[in-house]
């Protein structure tokens, strides 16, 4: 069986964003593990427009090439770490839009949440949990939250406190086995459909 694959999704496309620094920190720590493969996924690389598919994502009838490319990327993972900013007490519009583009590709996967903002991005993470529930994504309990005031120098250069590494390790200890277990759920469903 191939290694569990986890996508570390940068949930902001904003100019001057700090989410890429956070995501690279996550990837650096995660890559030291031997129980999964991790890949950085930058929403900016996909240049998704505002949702422009005519059919609902749940139908899986993707018409646009950008949607098909995004669906292939999302579908290639067993789980995700969403690195989300907090904008107006919620996740970013760019991340919500990207999530809404596809449906089945998210189903029966696992997710960890890493947030940042004035209040650690915790309200964004809570909103994201509700969205993921609708997509049948099982989010793990352990969250990693960074304060713009204390984990960033001048609100722009990421300088996380050392204890965050332990929180991320705990999240990964939950996420990797859940992602592996849900892979077997997807495989069983696939076999049932083929029968």
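Assess whether residue 48 counts as being buried (at least 19 other Cβ atoms within 10 Å of the Cβ) and out of contact with any strand residue (DSSP E or B) (no Cβ under 9 Å at 6 or more places or on another chain). Taking the combined requirement at face value, the residue satisfies it.
Just checking, does the stretch 73-87 include any residue being free of Cβ contacts under 8 Å to residues at least 12 places away in the same chain, surrounded by 13 or more Cβ atoms within 10 Å (Cβ to Cβ) and either in a helix (DSSP H, G or I) or in contact with a helix residue (DSSP H, G or I) (Cβ under 8 Å, 6 or more places away or on another chain) (or both)? No; the residues of the stretch 73-87 include none that is free of Cβ contacts under 8 Å to residues at least 12 places away in the same chain, surrounded by 13 or more Cβ atoms within 10 Å (Cβ to Cβ) and either in a helix (DSSP H, G or I) or in contact with a helix residue (DSSP H, G or I) (Cβ under 8 Å, 6 or more places away or on another chain) (or both). Being under 19 Å from residue 82 (Cβ atoms), at pLDDT 95 or above, within 16 Å of the chain's Cα centre (by Cα) and surrounded by 11 or more Cβ atoms within 10 Å (Cβ to Cβ) is not true of residue 148. Name the single residue that is nearest to residue 95 (Cα to Cα) among those in the stretch 133-154 being outside any strand (DSSP E or B) and touching a residue at least 24 places away in the same chain (Cβ under 8 Å). In this case the residue turns out to be 135. Name, by its number, the condition in (1) closer than 22 Å to residue 182 by Cα; (2) in contact with a helix residue (DSSP H, G or I) (Cβ under 9 Å, 6 or more places away or on another chain); (3) free of Cβ contacts under 8 Å to residues at least 24 places away in the same chain that does not hold for residue 31. Every listed condition holds for residue 31 apart from (2).
Selection of first residues in the stretch 52-66 that are at positive phi and modelled with pLDDT of 95 or more and of second residues that are surrounded by 11 or more Cβ atoms within 10 Å (Cβ to Cβ) and in a helix (DSSP H, G or I), restricted to Cβ pairs under 9 Å at least 6 apart or on distinct chains, gives the following pairs, ordered by first then second residue: 60/71.
Picking from 188, 124, 119, which residue would you name as being under 24 Å from residue 17 (Cα atoms) and in a helix (DSSP H, G or I)? The match here is 124.
Please verify whether residue 96 is modelled with pLDDT of 95 or more, more than 25 Å from residue 29 (Cα to Cα) and under 12 Å from the mean Cα position of the chain (by Cα), treating the condition exactly as stated. Steps first, please.
Values: modelled with pLDDT of 95 or more: yes; more than 25 Å from residue 29 (Cα to Cα): yes; under 12 Å from the mean Cα position of the chain (by Cα): yes.
Against the criterion (modelled with pLDDT of 95 or more, more than 25 Å from residue 29 (Cα to Cα) and under 12 Å from the mean Cα position of the chain (by Cα)), residue 96 qualifies.
Do we find that residue 26 is touching a helix residue (DSSP H, G or I) at 6+ places or on another chain (Cβ under 8 Å), surrounded by 12 or more Cβ atoms within 10 Å (Cβ to Cβ), assigned to a helix (DSSP H, G or I) and modelled with pLDDT of 95 or more in this structure? So residue 26 fits the description; yes. Look at (1) closer than 23 Å to residue 25 by Cα; (2) touching a strand residue (DSSP E or B) at 6+ places or on another chain (Cβ under 7 Å) and you find that residue 161 fails only one, number (2).
The values are calculated or read from the model by the stated rules, or taken from the named source; none is laboratory data. What you are looking at is a predicted structure, and each value in this text was computed from that prediction instead of being measured. Heads up, the Cβs are rebuilt from the backbone with ideal geometry, glycines too, and the neighbour counts pull from every protein chain shown.
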